[in-house]
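The values are calculated or read from the model by the stated rules, or taken from the named source; none is laboratory data. Since the model is a prediction, treat every value here as computed from it, not as a measurement. Every residue, glycine as well, gets a Cβ built from its backbone with ideal geometry; the counts of neighbours run over all protein chains shown. Only protein heavy atoms, including side chains, enter the accessible area calculation; ligands, DNA and RNA are left aside. Shrake-Rupley method; radii C 1.70, N 1.55, O 1.52, S 1.80 Å.
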Amino acid sequence: MGLSGETEADYAEQAALAPHLVHLQPPENSGRIWLERFSPLYTDPERFGVRRRVPERSYRYVYPEGVDLDRIAYFFDYEVDGALPDAAYEPLRGALATWSEAWHRESRPALTYWSAPGLLQIHDGRHRERAGTYTFEGLLADIYLACADRPMTAAAIWDRLPQTCSVTVVEEALEEFQRRGLVFRDDTLALALALPAVPGR
């Protein structure tokens with residue numbers, strides 16, 4: 001958070017995605033990016049639109065007057081041209097807080113799958129009020145499992161299937177999985193979000 005060129009839509013998209021990820025360990029914290037000595041923001045400020053950089057305020061309370069804080073500081077306060085206001089991050093911060101709270105409950109959120117040849121069952125326990133199980137057979141099961149280990153394009157998934165369908169069919173299936181929050185899409189790549197119910201499978 002806090003770089004030039006970010007848009008409110010970027011963070012709205014991330015906030016909308018977070019509820020689908022609550023079965024995964026949440027981030028420990030969130031906040032604006034720190035400016036540290038030797039980092040790209042420090043060594044190439046013009047590239048990142050850094051227009052103001054001063055030693056982080058706490059150094060003033062540690063070192064006596066006369067010490068050149070700019071030479072000894074490791075952390076810096078800064079301003080970036082075109083950075084979003086704090087309010088733009090609030091929806092994502094709220095989504096991350098909800099995610100973290102869910103992991104402190106007695107029963108943690110879960111999204112797990114069991115599979116057998118031609119059969120896939122996904123238990124969705126991410127949100128207690130909507131818990132349930134999906135059952136997919138045949139081609140749909142194969143499509144989902146094809147992107148369970150790593151992100152795949154629709155064309156790459158199609159290459160792993162018996163050639164009885166088209167890439168369009170695979171794409172449509174991925175779109176439906178995404179609509180249900182079972183798959184994460186990043187441009188052309190798809191990754192199944194459910195984890196194996198039995199580790200190692």
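The residue among 76, 164, 135 whose Cα reaches farthest toward the positive pole of the charge dipole of the chain, with charges on the beta-carbon of Lys, Arg, Asp and Glu, is 135. Structural descriptor for the stretch 101-159: relative contact order 22 percent, calculated from alpha carbon pairs under 8 angstrom and at least 6 residues apart. Rolling a 1.4 angstrom probe over the protein heavy atoms with all chains in place gives the stretch 1-159 an accessible area of 62 Å² per residue. The 3J(HN,Hα) values that the Karplus relation (6.51, -1.76, 1.60; θ = phi - 60°) gives for the stretch 6-14 are, in residue order, 6, 10, 5, 5, 4, 7, 5, 5, 5 Hz. Gly and Pro appear as x. Solvent-free Debye calculation, one equal scatterer per alpha-carbon of the stretch 1-119: log10 I(q)/I(0) at 0.11, 0.12 Å⁻¹ equals -0.57, -0.64.
Amide H contacts of residue 195 (H built 1.01 Å from N, in plane; Pro and chain starts excluded): 111, 112, 113 sit under 5 Å, all sequence-distant by 5 or more or on other chains.
3J(HN,Hα) couplings calculated from phi for the stretch 42-54 with the Karplus curve 6.51 cos²θ - 1.76 cosθ + 1.60 (θ = phi - 60°) are, in sequence order, 7, 7, 9, x, 4, 4, 9, x, 6, 10, 8, 9, 9 Hz; Gly and Pro show x. Taking θ as phi - 60° and the Karplus parameters 6.51, -1.76 and 1.60, the scalar couplings of the stretch 188-193 work out to 8, 8, 10, 9, 5, 8 Hz in sequence order, x denoting glycine and proline.
With R₀ fixed at 41 Å, the C-beta to C-beta distance from residue 129 to residue 163 puts the FRET efficiency at about 0.50. Specify the inter-centroid distance of the stretch 50-120 and the stretch 121-142, based on alpha-carbon positions, in whole Å. About 33 Å separates the Cα centre of the stretch 50-120 from the one of the stretch 121-142. Peptides 31-41, 166-176 ordered by packing proxy, namely the average of other Cβ atoms within 10 Å per residue, highest first: 166-176, 31-41. Among 57-68, 97-108, the peptide with the highest mean count of other Cβ atoms within 10 Å heads the list, and the full ranking is 97-108, 57-68. Across all C-alpha atoms in the stretch 149-201, the radius of gyration and Dmax reach 11.6, 32 Å.
In 5 Å bins starting at 0, how do the alpha-carbon pair distances of the chain split up by percent? Result, from short to long distances: 1, 6, 12, 13, 13, 12, 10, 9, 8, 6, 4, 2, 1, 1, 0, 0 percent. Here's the picture: a label point sits 7 Å out from the Cα of residue 43 along the beta-carbon direction, and within the stretch 61-76 the residues with their amide nitrogen under 17 Å of it are 74-76.
Pick out, from 151, 63, 109, the residue whose Cα sits farthest towards the positive end of the charge dipole of the stretch 1-159, with +1 on the Cβ of Lys and Arg and -1 on the Cβ of Asp and Glu. Farthest towards the positive end: 63. Rounded to the nearest 10 degrees, the angle from helix 167-179 to the longest Cα principal axis of the chain is 60 degrees. Rounded to the nearest 500, the helix-only mean residue ellipticity at 222 nm of the chain stands at -8500 deg cm²/dmol, with each DSSP H run of n ≥ 4 adding -39,500 (n - 2.57).
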